[in-house]
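Below: one structure, written as structure tokens.
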Amino acid sequence: MELTINGTKHRVDVEPDTPLLWVLRDELGLTGTKYGCGVAQCGACTVMIDGQATRSCVTPVESVTGAAITTIEAVEADPVGRKVVEAWVAHQVPQCGYCQSGQVMAATALLKQMPQPSDADISGAMLNLCRCGTYNAIAAAVRDAARS
Amino acid sequence: MNASFPLPSQASAADPFKPSRRSVVGGLGALVLGVALPQGARAQNAAAGIKPGTRVSAFLEIRPDSTVLFRSPFIEGGQGVFTAMAQIVGEELDVEPTRFVIEGAPPGPDYLLLGGARFTGGSMSVRKSYDTMRRLGASARSMLMQAAATQWKVPVATLSTEPGRVLHKASGRSLAYGALAKAAAALPVPTQVSLRASADFRWIGKSVPRLDVRDKATGKTQYAIDLKVEGMVHAAVQHGSRLGLDPAAIANEAEVRAMPGVQSIHRLPGAVAVVATSWWRARRAVEALQVTWAASPSASVRVMPADFSSEAHRAALAAATGEGIAAETAGDVAASLTGARTVVEATYDAPYLAHGQLEPPSAIARFNADGRLELWLPNQAPEMFQADAAKVAGLTPDKVILHSPVLGGFFGRHFLYQAAAPYTQAILLAKAVGRPVKVIWSREEEFLRDALRPLSVARFKAGLDADGLPVALQAVAIGEGPVGRWFGRAADKADDSAVEGIAGKPYAIPHRRIAQLPVDDPAIIGFWRSVGHSMNDYFYETFFDEMADAGKQDPFALRLRLLGDSPRHKTLLQAVGDLSGGWRRGPFSAADGSRRARGVAMASPFGSEVATIAEVSLNGGDIVVHDVWVAIDPGSIVNPAVIEAQVQSAVALGLSSALFEEVVYENGVPRARNYDSYPILPPDRMPKVHVRIVESGAPMGGIGEPGLPGVPPAVANAVAALTGKRIRSLPLSKTDLKGMAG
Ligand code: FES
Ligand code: FES
């Protein structure tokens with residue numbers, strides 16, 4: 001199977017229904033994308049598929065063979081992603097950090113589609129769980145990234 | 001060297017990769033020359049017995065580029081302790097905190113800074129090591145200056161430092177720390193050092209940016225679950241549904257063995273495991289196994305009864321009789337209750353809670369060629385895990401090298417609890433297959449084997465005088481505390497972790513008896529952020545409002561009045577009142593037309609003092625928490641930004657527990673196995689959080705946990721003010737508030 005991840009083509013030999021998350025982590029060593037729940041509840045595994053924030057733990061790898069997959073490892077190669085990361089640093093968002101790859105990817109996808117989101121847009125798109133409760137800092141960072 | 005522990009340098013040398021050393025300076029690995037004591041000096045130290053927190057070489061390695069590797073006795077899990085260590089040590093060493101690279105220290109006597117033990121918990125890390133860490137930094141600085149003095153042949157008194165350099169002002173000479181590190185390392189650690197005056201602090205007390213934020217925002221931070229060692233295979237497990245069950249028969253072993261990537265199938269104590277070429281394949285296979293379970297013959301396993309239910313346990317606690325073991329007494333509570341004008345009584349309960357840290361548990365075990373066992377696992381108590389792992393492997397602890405990566409959340413999850421972590425399985429599997437093995441628990445297995453915040457019931461009885469003021473308070477906390485469970489309980493002494501938050505309150509109620517009525521808990525119980533306070537302050541502070549209501553007192557004013565003897569608490573309560581724009585209980589109409597009310601609560605957890613106000617409304621039957629105001633007095637502070645972040649985080653977890661969380665057991669099995677059936681606070685339920693730090697100058701208190709305990713009672717009190725309904729059982733969402741005023 002051939003996948004396009006962060007602009008590079010990779011050949012992987014896995015069962016076609018393997019979740020993309022585990023292909024990224026175990027086959028390709030891209031461990032920035034996290035496993036939290038495996039059932040589309042937490043968002044720790046969020047990547048972009050053709051620009052859409054997608055929960056990779058429930059995405060069969062066969063369904064994304066023709067798509068452009070972007071993971072946190074390449075987030076700073078994207079000008080919007082870079083802005084988001086800078087806002088994350090400025091707002092000192094992460095605590096334990098485990099959810100933050102997914103949060104940054106969700107924010108990047110949002111701002112790529114909607115450069116000037118309203119507060120309602122932000123709360124509609126930023127649905128990932130954070131057990132450390134960094135939600136206020138996340139919202140502030142997204143607002144800031146949209147302004148910058 | 002000391003025979004009882006692997007020295008840090010050796011542990012690292014055995015590393016094929018150095019996960020936590022991927023650093024802000026990067027690319028310098030090959031050039032690193034550590035400050036390390038010569039072998040002879042090491043042997044001497046070992047022979048002399050090591051005094052924790054004194055051997056500079058165990059903690060600090062100054063590299064040629066003058067960056068500093070610091071081995072932290074405390075593990076980073078988001079609470080900012082690595083940054084705090086860099087601030088404190090850097091302040092005295094005279095190195096900018098940003099020049100530090102920090103990793104969790106290996107097991108060893110140098111790091112036993114909490115009364116001869118070590119763990120990361122109890123909000124103790126900074127407050128208990130503050131002086132030691134300052135002296136450590138100052139000692140290293142003094143050694144560097146001495147090395148420069150020797151090299152330049154000038155008196156050390158003529159030298160000074162600027163960040164990262166020793167200066168000789170008279171001659172205009174200067175040397176970077178990195179150039180002096182090797183010579184400094186050969187010097188003895190000074191017995192006396194002078195410390196910086198606090199007025200001259202540049203980093204302590206300031207909002208120094210955290211060292212770990214950029215890596216965490218770009219996915220570069222590696223947690224235990226992300227690590228990999230050469231030649232490693234992956235394993236997944238299926239546990240028996242109840243503790244005390246072992247696998248007896250497997251119906252479809254041959255079929256599962258034929259599944260893709262499967263290498264072997266194993267029967268383990270309490271679980272079956274599949275080893276495979278990837279974790280996903282291992283998981284899929286292990287979950288396909290059809291296992292018959294049977295009672296374990298092992299007497300050392302705690303057995304979860306097949307008929308256990310959390311509801312029955314709650315009922316049993318509520319029905320338990322007796323006065324319990326007194327934890328706090330004053331005056332004559334019995335006589336005072338008899339003479340009281342009004343008597344108020346209530347019984348409260350709070351459920352089992354799961355930690356729900358976002359990183360599922362994992363462990364890597366590898367047997368090295370020299371016979372030693374090397375482990376990578378999330379933990380907040382390295383020596384305890386090392387000792388237990390040694391037992392499992394049949395080795396002495398010095399033959400176990402343990403790595404403690406940063407934690408993807410912990411909240412008390414990663415202490416040593418029986419059957420609650422995968423390292424035992426990783427060790428047994430690595431032995432069985434002769435290769436390094438990494439075990440990851442699925443989220444579902446994690447919910448099955450987490451160590452729970454205990455379920456507890458508290459009974460209160462108060463007497464009010466003719467003026468409606470409380471004069472007598474009797475309270476019994478019924479259940480078992482985690483300190484008693486894991487560190488032993490004296491038969492005649494109340495377990496602090498069961499009564500804290502009911503005992504130790506600051507109010508001047510002259511006649512008091514606070515007690516614990518111990519009842520064993522069949523579940524594996526553990527520490528959960530703020531431990532006993534996580535529920536006891538809810539019980540007490542909510543009952544406080546019941547006393548106020550019965551005596552027709554405003555709850556804020558009554559608190560102020562009963563804090564009359566304690567200026568520190570009074571100041572704090574006033575501070576939170578001011579922060580919220582002046583106390584008002586409500587109900588009142590907000591600008592958006594909603595009817596709202598406020599509740600207040602105080603707590604004294606982990607050496608800090610906290611006052612909390614919450615504002616709520618109802619939306620349908622749902623409680624909406626709009627704002628939470630927190631005034632916190634940790635005595636003195638290291639990093640205000642980190643304190644504010646920790647308060648935000650504690651408010652979120654406290655609110656999550658107050659509103660939603662509850663581990664329900666039926667037939668010996670937890671009902672929820674993932675976040676879909678164990679909801680935790682989602683982003684749209686997060687309130688605005690306003691924090692005021694009050695520095696009273698009292699001894700330094702904790703930061704990680706204290707923001708939590710005031711939240712559930714402040715919210716419950718606000719709900720009672722809004723609806724007239726007093727909710728005495730958590731989580732609040734169990735109570736139907738539909739159709740209530742609000
Ligand atoms: S791991 Fe994919 S949503 Fe939780
Ligand atoms: S920062 Fe820890 S889970 Fe979000």
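The values are calculated or read from the model by the stated rules, or taken from the named source; none is laboratory data. Model, not experiment: these values are computed from the prediction. Cβ sites come from the backbone with ideal geometry, for glycine too, and all protein chains shown count toward neighbours. Side chains are part of the model used for accessible areas, which takes the heavy atoms of the whole protein and leaves out ligands, DNA and RNA. Shrake-Rupley method; radii C 1.70, N 1.55, O 1.52, S 1.80 Å.
Below, the figures for the structure above:
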quantity	calculated
Exclusive hit being open to solvent by less than 30 Å² (accessible area, probe 1.4 Å), not hydroxyl-bearing (Ser, Thr, Tyr) and not assigned by TED's automatic domain parsing to the domain that holds residue B:525, set B:315, B:273	B:273
Members of the stretch B:424-444 found to be open to solvent by less than 10 Å² (accessible area, probe 1.4 Å) and either more than 17 Å from residue B:232 (Cα to Cα) or part of a helix (DSSP H, G or I) (or both), listed by number	B:426, B:427, B:429, B:430, B:442, B:443
Matching residues, the stretch A:1-52, being within 7 Å of another protein chain (Cβ to nearest Cβ), among the aliphatic types (A, V, I, L, M) and open to solvent by 40 Å² or more (accessible area, probe 1.4 Å)	A:39
Lone unmet requirement of (1) surrounded by fewer than 20 Cβ atoms within 10 Å (Cβ to Cβ); (2) of a type outside the set (Phe, Trp, Tyr); (3) more than 18 Å from the chain's Cα centre (by Cα) for residue B:496	(3)
Unmet criterion (only one of (1) at positive phi; (2) open to solvent by less than 20 Å² (accessible area, probe 1.4 Å)) for residue B:231	(2)
In the stretch B:125-140, residue surrounded by the fewest Cβ atoms within 10 Å (Cβ to Cβ) [restricted to those that are hydrophobic (A, V, I, L, M, F, W, C) and more than 15 Å from residue B:639 (Cα to Cα)]	B:138
Qualifying helices (runs of 4 or more DSSP H) (wholly inside the stretch B:1-97; at least 1 residues being buried (at least 22 other Cβ atoms within 10 Å of the Cβ) and modelled with pLDDT under 50)	B:8-13
Helices (runs of 4 or more DSSP H) enclosed by the stretch B:472-561 - at least 1 residues per element that are hydrophobic (A, V, I, L, M, F, W, C) and out of contact with any strand residue (DSSP E or B) (no Cβ under 8 Å at 6 or more places or on another chain)	B:482-487, B:533-550
Criterion: open to solvent by less than 10 Å² (accessible area, probe 1.4 Å), within 11 Å of chain B (Cβ to nearest Cβ) and either under 12 Å from the mean Cα position of the chain (by Cα) or aliphatic (A, V, I, L, M) (or both) - qualifying residue of A:85, A:89	A:85
Residue B:238 being assigned to a loop (DSSP other than H, G, I, E, B) and among the polar types (S, T, N, Q)	no
Matching residues in the stretch B:237-255 - criterion: being open to solvent by less than 40 Å² (accessible area, probe 1.4 Å) and in contact (Cβ under 8 Å) with a residue 40 or more places away in the chain	B:237, B:238, B:239, B:240, B:243, B:244, B:245, B:246, B:247, B:250
The stretch A:94-107, residues that are out of contact with any strand residue (DSSP E or B) (no Cβ under 7 Å at 6 or more places or on another chain) and either within 7 Å of chain B (Cβ to nearest Cβ) or not hydrophobic (A, V, I, L, M, F, W, C) (or both)	A:94, A:95, A:96, A:97, A:98, A:99, A:100, A:101, A:103, A:104
Candidates B:380, B:418 - the one that is at pLDDT below 95 and open to solvent by 30 Å² or more (accessible area, probe 1.4 Å)	B:418
Residue list for the stretch B:264-298, filter: among the polar types (S, T, N, Q), touching a helix residue (DSSP H, G or I) at 6+ places or on another chain (Cβ under 8 Å) and within 14 Å of chain A (Cβ to nearest Cβ)	B:278
The listed residue being free of Cβ contacts under 8 Å to residues at least 24 places away in the same chain and within 11 Å of ligand 1 (Cβ to nearest atom), out of A:58, A:89, A:39, A:85	A:39
Every residue from the stretch B:202-248 that is farther than 30 Å from residue B:67 by Cβ and β-branched (Val, Ile, Thr)	B:233, B:237
Single condition residue B:580 does not satisfy, out of (1) out of contact with any Lys or Arg (no Cβ under 8 Å at 6 or more places or on another chain); (2) farther than 27 Å from residue B:124 by Cβ; (3) of a type outside the set (A, V, I, L, M)	(1)
Residues within the stretch A:95-146 that are among the aromatic types (Phe, Trp, Tyr) and within 16 Å of ligand 1 (Cβ to nearest atom), tallied	1
Whichever residue in the stretch B:440-455 is charged (D, E, K, R) and away from ligand 1 (no atom under 16 Å from the Cβ) and, among such residues, is farthest from the other protein chains (Cβ to nearest Cβ)	B:449
Filter result (surrounded by fewer than 11 Cβ atoms within 10 Å (Cβ to Cβ), farther than 12 Å from residue B:242 by Cβ and at pLDDT 95 or above) within the stretch B:288-312	B:292
Residues (in a loop (DSSP other than H, G, I, E, B) and touching a strand residue (DSSP E or B) at 6+ places or on another chain (Cβ under 7 Å)) located in the stretch B:724-734	B:728, B:730
Of the criteria (1) aliphatic (A, V, I, L, M); (2) surrounded by fewer than 20 Cβ atoms within 10 Å (Cβ to Cβ); (3) assigned by TED's automatic domain parsing to the domain that holds residue B:603, which one residue B:740 fails	(3)
From the options A:123, A:118, residue that is more than 26 Å from residue A:10 (Cβ to Cβ), away from ligand 2 (no atom under 16 Å from the Cβ) and at the interface with chain B (Cβ under 9 Å from one of its Cβ atoms)	A:123
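The rows are residues; the columns are (1) open to solvent by 20 Å² or more (accessible area, probe 1.4 Å); (2) of a type in the set (A, V, I, L, M); (3) modelled with pLDDT of 95 or more; (4) assigned to a helix (DSSP H, G or I).
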residue	(1), (2), (3), (4)
B:616	no, yes, yes, no
B:624	yes, yes, yes, no
B:631	no, yes, yes, no
B:637	yes, yes, no, no
B:645	yes, yes, yes, yes
B:649	no, no, yes, yes
B:652	no, yes, yes, yes
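Let's see how each residue does on (1) away from ligand 1 (no atom under 16 Å from the Cβ); (2) open to solvent by less than 20 Å² (accessible area, probe 1.4 Å); (3) free of Cβ contacts under 8 Å to residues at least 24 places away in the same chain; (4) assigned to a strand (DSSP E or B):
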site	(1), (2), (3), (4)
B:677	no, no, yes, no
B:680	no, yes, no, no
B:692	yes, no, no, yes
B:696	yes, no, no, no
B:700	yes, no, no, no
B:708	yes, yes, no, no
B:717	yes, yes, no, no
B:722	yes, yes, no, no
